Amino acid sequence: MKIQHKDLASGRWHTFSLMEQMGNVGSEVHRALVWREKDKNAYQQAADRALELMDLVLQDPRWREIPGRLKELARAREAICDALDGGKEYGSTLDALDSYFFQFALAARIHK
């Protein structure tokens, strides 16, 4: 997979709050949802970006310091993978994840 967020991966990502990070992941989940039936290539690119950003969230050392946080974030990534695979394992859907991640984007906006 090609790295699409080089500026974020180089360290800028770690300046974002958890709400901002998860809200950004949610933006890509939303794009995947929008493109799912319209354009297979755009859908795949959005899915790849969502997973790339989620991986950056998991690599942020701040979240390792909070008990249970890393496990929670890893489960969110797992739910994204499940939804992208049709919800075969856990019944995850892009619609449900879109709602879940939207709450982070909303909270980030309120706290700005």
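The values are calculated or read from the model by the stated rules, or taken from the named source; none is laboratory data. All of these numbers come straight from a predicted model, not from anything done at the bench. FYI the Cβ positions are ideal-geometry reconstructions off the backbone, even for glycines, and counts take in every protein chain you see. All accessible areas refer to the heavy atoms of the entire protein, side chains included, with ligands and DNA or RNA removed. Shrake-Rupley method; radii C 1.70, N 1.55, O 1.52, S 1.80 Å.
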Largest-first ordering by accessible area, 1.4 Å probe, given options GLU78, GLU20: GLU78, GLU20
Heavy atoms of ILE110: accessible area, 1.4 Å probe, square angstrom to 10: 120 Å²
Taking the C-alpha atoms of the chain, how large are the radius of gyration and the largest Cα-Cα span, Dmax, in Å? 13.5, 41
Total lysine pairs whose alpha carbons fall under 25 Å of each other in the chain (8 or more apart, or interchain): 7
Given the candidates PHE16, SER92, ALA105, the one whose Cα lies deepest towards the positive end of the charge dipole of the chain, counting +1 at each Lys or Arg C-beta and -1 at each Asp or Glu C-beta, is PHE16
Using a Förster radius of 22 Å, what is the FRET efficiency between GLU72 and ILE110 based on their Cβ-Cβ separation? Nearest 0.05, please. 0.55
Just the number please: accessible area per residue for region 38-86, 1.4 Å probe, all protein chains included, in Å². 56 Å²
On a 1.4 Å probe surface of the protein chains, which of TYR90, TYR43 comes out largest in accessible area, and what is the full order? TYR90, TYR43
GNM flexibility winner over the chain from ALA96, ALA76, ALA32 (Cα, springs under 10 Å): ALA96
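Report the charge-dipole magnitude of region 16-59 in Debye, nearest 20, computed about the Cα centre from +1 at each Lys and Arg Cβ and -1 at each Asp and Glu Cβ. Write out the running numbers ahead of the final one.
Details: 5 positive and 7 negative charges, 38 e Å.
It works out to roughly 180 debye.
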About its Cα centre, region 1-105 carries a charge dipole, from +1 on Lys and Arg Cβ atoms and -1 on Asp and Glu Cβ atoms, whose size in debye to the nearest 20 is 200 debye
